[in-house]
Amino acid sequence: MRFRRPGAAPAAVDVADPGRGIELRGVGHRYGDRVVLEGIDLRLTEPRVGVVGANGSGKSTFARLLNGLVVPTDGQVLVDGLDTRTQVRAVRRRVGFVFQDPDAQIVHPTVAEDVAYGLENQGVPPDERAARVAEVLERYGLAGHADHPAHLLSGGQKQLLAIAGVLVMRPARIVFDEPTTLLDLVNARRVAELIAGLEQQVVVVTHQLDLLDGFDRVLVVDGGRVVEDAPPGPAVATYRALMEHR
Amino acid sequence: MKTRDLAYVALFAAVIAVLGTIPAIPVGPVPITAQTLGVMLAGAVLGARRGFLAVLLFLVLVALGLPLLASGAGGLAPFVGTTAGYLYSWPVAAFVIGWLTERAWDRYNVLRGTLINVVGGIVVIYAVGVPVLKAVAGLSWTAAVTGGALPFIPGDLFKAFVAAAIADVVRRSYPVIERPRRAAGAR
Amino acid sequence: MTLPLYVPVASPVHRLSAGVKLLCLAALAVLLFARPTLTVAGAALVGTLAVGLGVARLPVAVLARQAWALRWFLLALLVVHALTTDVASGAHTVLRLLTLVLAAAVVTATTRVTEMVAVVERLCAPLRLVGGRPQRVGLLIAMALRFIPVLVERADRIRAAQAARGGAPRGVRALRTTVAPLLVQLLQMAHDVSEALDARGADDVPAHRPRRT
C-alpha cells in the first residue's frame, strides 16, 4: 500500500525557466494567529538583492520562503517558475541557503565530510564528490583543514565552511540570512568580499548596511510588509528614518 | 520522521554523552552517574519515540568505540559486562517516561513528572538491570539487589526530581512534545 | 575524529572486516555461556590474549586498562562466590567475564568508528522494507558527534554569562537555572540545524506541509 505524499511533486515537471527569477505572488504567512508577512508581490531578477528590517519584522521568514524552508500560508512563491509548495526539492537544488549561526549548519564532525553532505543528498558519485569538495575547500582557504574537527575552526572559518557546503552544490541562486552578524570585522569583510565575487544571484538579509554597497535593489521590510523597494542609497535612507522614529 | 526530529534525537544523544563527563561516583560493580538523568530528560522532553531513539543512538555511539560512558568507558565491553542490563534498559526507560509524559502533558507538573520518572527511570531500569547483573555475575538475588540497586535509589529519586523540574521549565518555554492526537490516544 | 579507543596498527585483525569481528564476539559470548566450564573459559581467555597481543599487536596497557577497571568488582565477585558456593565457580565466573570484556576491547581497539558506522548502516538495511532510510543512521551518528563539542561550548557560555552577572548557582538551583535554559537554547539550535539540513536537501517534503486529508 502506498500513500501519496502531499508535498511530493507530480512526475517530471521540472521545467525550470531560469529567466523568471524569484516571484512572490500575493504572499502572506501566519504562525497560528500571528501574521508575520502579508501582501507581498515581487519579482526578483537582479543579481544582488538586499533585505533590511528590524528584529521581528518578518525578514527571516521572508528569506525562508525563497527556498521552500517555509511554505507561505497565503499566495505562492515561484523560483524560475517552480512552485515551492509542490516542487520543493527542485527549488532547493536551485536555491542555496546560508544561515546566521555557522554552528547551526555544520552537521558533520569534520570539515570535508560536512562539505560533502549536500552532494550525498543529491546522489553525486563518490569520486566526483571528493573532487568537488577538494576544489571548494581549496578556493576558500580550507584545504589544510579538510580532516580537522569542525569545532576547532574559528568563527570566521566556520562561516566559510558553511558557505562552502552550499556552494559545492552549485545552486543558481543563494539566500544569505544575516551571514556576518556573528563575525568580527575582518571575517565579516571576507564574507562580504566572497559574496561580492559570486556569479550566482544573491539575496542577502542583513543588519549590516555596508554589506549592501553595490547592490542592485534593496527591500525594506517592516511589520510584515515591504515598505520600500529601491536602490541601496534611498532604501537605506528610508530604513534609517524608520528606525529613528521608534 | 521530520528532519527536525532527527536533530532532536541527535541532540539528546549528545546531552547524555556530555552528562557522562560529570565524574561518576564508583560504588561496587555499578557506578552512580549523571547519565540516567539524561535518559530521564530524553523521555520527559522528547516523548516516547524520539526519547527512545535518542538513548538508542547514544548506546550505538558507545558500542562504536567512543568513550562516552561515565568514567570514560566505551566500546563493546560495557555491553557484555555487569552494567549490560542497565544499558539495555535505558532506551526502554526513556520510552516509558516519554509515553507517560505524553499522556500527562496537559497536567504536567514537577510532582507528576517526578512520579513518572520514578516509574520509568527507576522501576524499569532495575527490573532489567538487576536480573542481568545477577546472571552475568552469578550472584544471588540478595547480593544482586544490595549491590546493584539499593545504593542508587536515593540518588535516583533525586535525579527523577531534577529531571522533572528541568522538563517542566522546558515544557513551558519550548514544548517539543505534542499532545497525542485523540485518535491515537483513544486506542 | 579523535578515537581514543582505536589503536592503529597494521595487523590482520585490524584489516578483518568489522562485521566479521562483531560476529566472532557474539559467537564467543554464546560459547562461554553455553559451555560453562573452567577449561572453555580459560582457553577463551588465552585465545583472546593471543589474538589481541600477539596477532593484533595491541599494547598490553590497552587491555590491562579494561581489566584494571574491573579489579575490585572481580575480587568482590570471587569473595561472594567463595562464601556462598565455592571458589571454583567464582573463578569460572570471573574468568568468563574478564574474557568477554577483553575480547570486546580487542574488537573496539582494532576497528575504526567509520567501519562500525558502515556495519550499523548495513544492519539497518531491513528498515528499508518498512519505509525507513538506513542512510539516516549515519547522519544521526555524525550529528550527535558534532553536537557534543557545541554543547560543551554553550554550557560554558551560559556559566560565564551567569558568573558575569555575579551568580554562580550551585546544587539543584544550578540545574534549573543553567540546564533548563541551556536545553531550550540547544533545542532551538537543533531546530535551526534541521532547517540547514533541509536547505541542503535532507528532505524533499516541505517543513510545514498541509495535513493529509
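The values are calculated or read from the model by the stated rules, or taken from the named source; none is laboratory data. This one's a predicted model, so the numbers in the text were calculated from it and none came from an experiment. Ideal geometry is used to build each Cβ from the backbone, glycine not excepted, and the neighbour counts take in all protein chains shown. Accessible surface is based on the protein model in full, side chains and every heavy atom, while ligands, DNA and RNA are left aside. Shrake-Rupley method; radii C 1.70, N 1.55, O 1.52, S 1.80 Å.
Summed over region A:179-212, residues that are at pLDDT 90 or above, open to solvent by 10 Å² or more (accessible area, probe 1.4 Å) and part of a loop (DSSP other than H, G, I, E, B) total 4. In region C:131-148, the condition of being part of a helix (DSSP H, G or I), open to solvent by 70 Å² or more (accessible area, probe 1.4 Å), at pLDDT 70 or above and within 15 Å of A:Ala104 (Cα to Cα) is met by no residue.
If you go through region B:70-101 and pick out every residue that is buried (at least 24 other Cβ atoms within 10 Å of the Cβ) and touching a Pro at 6+ places or on another chain (Cβ under 6 Å), you end up with 1.
Yes/no per residue for (1) away from chain B (no Cβ under 12 Å); (2) aliphatic (A, V, I, L, M):
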site: C:Arg57; (1), (2): yes, no
site: C:Val60; (1), (2): yes, yes
site: C:Phe73; (1), (2): no, no
site: C:His81; (1), (2): no, no
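Here C:Thr99, C:Thr111, C:Thr93 are screened, and the one residue that is outside any helix (DSSP H, G or I) and either open to solvent by less than 10 Å² (accessible area, probe 1.4 Å) or within 12 Å of B:Ala137 (Cβ to Cβ) (or both) is C:Thr111. You will find that of A:Val27, A:Val88, A:Val51, the residue that is touching a helix residue (DSSP H, G or I) at 6+ places or on another chain (Cβ under 6 Å) and open to solvent by less than 40 Å² (accessible area, probe 1.4 Å) is A:Val51 and no other. The condition of being under 17 Å from A:Val203 (Cβ atoms), within 11 Å of another protein chain (Cβ to nearest Cβ) and β-branched (Val, Ile, Thr) holds for only one of A:Val95, A:Val168, that being A:Val95.
When B:Leu133 is tested against the conditions (1) among the aliphatic types (A, V, I, L, M); (2) in contact with a Gly (Cβ under 7 Å, 6 or more places away or on another chain); (3) away from chain C (no Cβ under 11 Å), the lone failure is (3). Among the residues examined, A:Arg129 qualifies as basic (Lys, Arg), open to solvent by 40 Å² or more (accessible area, probe 1.4 Å) and more than 8 Å from every other protein chain (Cβ to nearest Cβ).
Filtering region B:136-152 to residues that are surrounded by fewer than 22 Cβ atoms within 10 Å (Cβ to Cβ) and over 14 Å from C:Val80 (Cα atoms) leaves B:Ala149, B:Leu150, B:Pro151. Figure legend. Inter-residue proximity from region A:203-227: first residues over 24 Å from A:Ala172 (Cα atoms), second residues modelled with pLDDT under 90 and small (Gly, Ala, Ser), beta-carbon distance below 6 Å, spacing 6+ or different chains. Indicated pairs: A:Val221/A:Ser57; A:Val221/A:Gly58; A:Asp222/A:Ser57; A:Gly224/A:Gly58.
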